[in-house]
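Asker: Just dropping this structure here.
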Amino acid sequence: MKKFVMAALGGTVAGALLTTQVAGPLLAQDNARNTSVYEQLDLFGDIFERIRAQYVEQVDEGELIEAAINGMLTSLDPHSSYLAPKDFGDMQVQTRGEFGGLGIEVTQEDGFVKVVSPIDETPAAEAGIEAGDFITHVDGESVLGLTLDDAVTMMRGPVGSEIVITVVREGFDEPFDVTITRDTIKLTAVRSRVVGDTVVMRITTFNDQTFPNLEEKLAEEVAELGGMEAVSGFVIDLRNNPGGLLTQAIKVSDAFLDKGEIVSTRGRDPQDGERFNATPGDLAEGKPIVVLINGGSASASEIVAGALQDHRRAIVVGTKSFGKGSVQSVVPLRGDGAMRLTTARYYTPSGRSIQSLGVSPDIVVAQPPRRLEVEEDEEANNRPRRSEADLRGALDNDSISEAEREQLLKERQKAEDAAELREEDYQLAYAIDILKGLNALGPTD
């Protein structure tokens, strides 16, 4: 018994010594770290008091604190920031689909404001602002050195008022000014149309309206064509879509997937990771899909494109996307403000992080630059083009019926419409041609 007690006692003592040897330095490090943090906070307090007492002009103490908080957050990455009560309210309105402004999604790069994408049918889009443009001045005042929120504040103003922004664009030797009239921005999350027998779904943003709009408009267009059997395929146009709500990106992806992972998020703590999986049901009923992306497709757009690409549910066409692969959590704070904080990265089903890399299309198709209008030789343009049928005494084609002839004329008209579409939107025309090719190779009865 004595031996057992002694052995137990010896084990306890040895354990205590080992714990002290390991934990002692760790505790010392924690204490040193805490001391350093408190010293820095004291330093902040000293600077705050000195500014309040001795700065050349009277300062607003609340604004000083907000600026300090925002500076701390914006030093982390371009997407973390402090939202003052008004800005937080504006953000909540924007996710519901209506707000005032120019209609551009922006980020910050090299100290300047960079356009992620213009929003369809907004003052910025109508004025010709493009994804990738750099805004260097607002009404003649430089934005260099300003925080992104401060630069955005400079661009805000009463609806109907004018603003002049100076733009630097790749391919242009000199900066140029663009005058834009501010307006109320009403976001239509999804627009749709039928091109031939293809349904084109243009998703402009991911807000609360996106999935309900998608579901409704897809059903309308399919019904217009006479049912799903008459549909050759779908184009999901995500070009210049700056993203939005993660929940909506998941719903849109799930709309075309029957099973499997859609996206996963991984935070600093592995336990905080989440996986989102598809549920049974495909709105397109297995019909082929082409997804269009470009450099203005960001965040939620990239989640959808990456999920459908990894599951081989869609062919992705266009140019490399923006590459924003981080998740921001909006945390309400006291005083009605909020903090936008990057809390995770997201990954496509195959485990790819698109942060700074973007989604690479399966088929790279660049949109030709807008052609300058040039006067053409009207005589040459209007000169009649002759074919065999125009020749005097040409033989008739008696091998086809009148119904077959009408069908051929319809097919010819479709081809001519497709040629016109290439002039209007080359990337979209290319996507529709891919769907035609896929259907041409399909099984025959």
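The values are calculated or read from the model by the stated rules, or taken from the named source; none is laboratory data. Keep in mind the model is a prediction, meaning the values are calculated, not measured. Cβ coordinates were reconstructed from backbone atoms using ideal geometry, including for glycine residues, and neighbour counts include every protein chain displayed. Surface accessibility is based on the protein's heavy atoms, side chains included, excluding ligands, DNA and RNA. Shrake-Rupley method; radii C 1.70, N 1.55, O 1.52, S 1.80 Å.
Asker: Given the options Asp87, Asp133, Asp120, Asp149, name the one that is modelled with pLDDT under 90 and closer than 28 Å to Pro369 by Cβ.
Answerer: One residue alone meets the criteria, Asp120.
Asker: Next up: Go through (1) closer than 19 Å to Val106 by Cβ; (2) touching a Lys or Arg at 6+ places or on another chain (Cβ under 9 Å) and name the single condition Arg193 misses.
Answerer: (1)
Asker: So, in segment 252-290, of the ones that are over 20 Å from Ile354 (Cβ atoms) and in contact with a Pro (Cβ under 9 Å, 6 or more places away or on another chain), which residue ends up least open to solvent (accessible area, probe 1.4 Å)?
Answerer: Across segment 252-290, the extreme among qualifying residues is Asp258.
Asker: Would you mention how many residues in segment 232-251 are buried (at least 22 other Cβ atoms within 10 Å of the Cβ) and among the hydrophobic types (A, V, I, L, M, F, W, C)?
Answerer: Residues in segment 232-251 being buried (at least 22 other Cβ atoms within 10 Å of the Cβ) and among the hydrophobic types (A, V, I, L, M, F, W, C): 5 in total.
Asker: Residues in segment 174-191: is at least one without any contact (Cβ under 8 Å) to a residue 40 or more places away in the chain, assigned to a loop (DSSP other than H, G, I, E, B) and more than 23 Å from the chain's Cα centre (by Cα)?
Answerer: So far as segment 174-191 goes, yes, one or more of its residues are without any contact (Cβ under 8 Å) to a residue 40 or more places away in the chain, assigned to a loop (DSSP other than H, G, I, E, B) and more than 23 Å from the chain's Cα centre (by Cα).
Asker: Additional query: So, in segment 90-117, exactly how many residues are modelled with pLDDT under 75, assigned to a strand (DSSP E or B) and crowded, with 16+ Cβ neighbours inside 10 Å?
Answerer: Number of matching residues: 2.
Asker: Consider only pairs whose beta carbons are under 7 Å apart and that are at least six residues apart or on different chains; among these, list those whose first residue lies in segment 228-239 and is of a type in the set (Val, Ile, Thr) and whose second residue is surrounded by fewer than 19 Cβ atoms within 10 Å (Cβ to Cβ) and assigned to a loop (DSSP other than H, G, I, E, B).
Answerer: Val231/Asp197
Asker: Okay, moving on. Only residues that are within 23 Å of Lys114 (Cβ to Cβ) and either open to solvent by 90 Å² or more (accessible area, probe 1.4 Å) or free of Cβ contacts under 8 Å to residues at least 24 places away in the same chain (or both): list them for segment 37-89, please.
Answerer: Ala67, Met72, Ser75, Leu76
Asker: Would a scan of segment 241-249 turn up a residue that is in a loop (DSSP other than H, G, I, E, B) and either more than 18 Å from Gly103 (Cα to Cα) or modelled with pLDDT of 95 or more (or both)?
Answerer: no
Asker: When the residues of segment 326-355 are narrowed to those that are assigned to a loop (DSSP other than H, G, I, E, B) and open to solvent by less than 40 Å² (accessible area, probe 1.4 Å), which ends up farthest from Asn70 (Cα to Cα)?
Answerer: Checking each candidate, the answer is Pro349.
Asker: If a residue has to be open to solvent by 70 Å² or more (accessible area, probe 1.4 Å) and in a helix (DSSP H, G or I) to count, how many in segment 143-164 make the cut?
Answerer: Counting residues in segment 143-164 that are open to solvent by 70 Å² or more (accessible area, probe 1.4 Å) and in a helix (DSSP H, G or I) gives 2.
Asker: Of everything in segment 120-141 that's among the small types (Gly, Ala, Ser) and open to solvent by less than 50 Å² (accessible area, probe 1.4 Å), which residue is farthest from the chain's Cα centre (by Cα)?
Answerer: Restricting to residues being among the small types (Gly, Ala, Ser) and open to solvent by less than 50 Å² (accessible area, probe 1.4 Å), the top hit is Ala127.
Asker: Take segment 193-216 and flag every residue that is assigned to a helix (DSSP H, G or I) and crowded, with 19+ Cβ neighbours inside 10 Å.
Answerer: Across segment 193-216, the qualifying residues are Thr210, Phe211, Asn213, Leu214.
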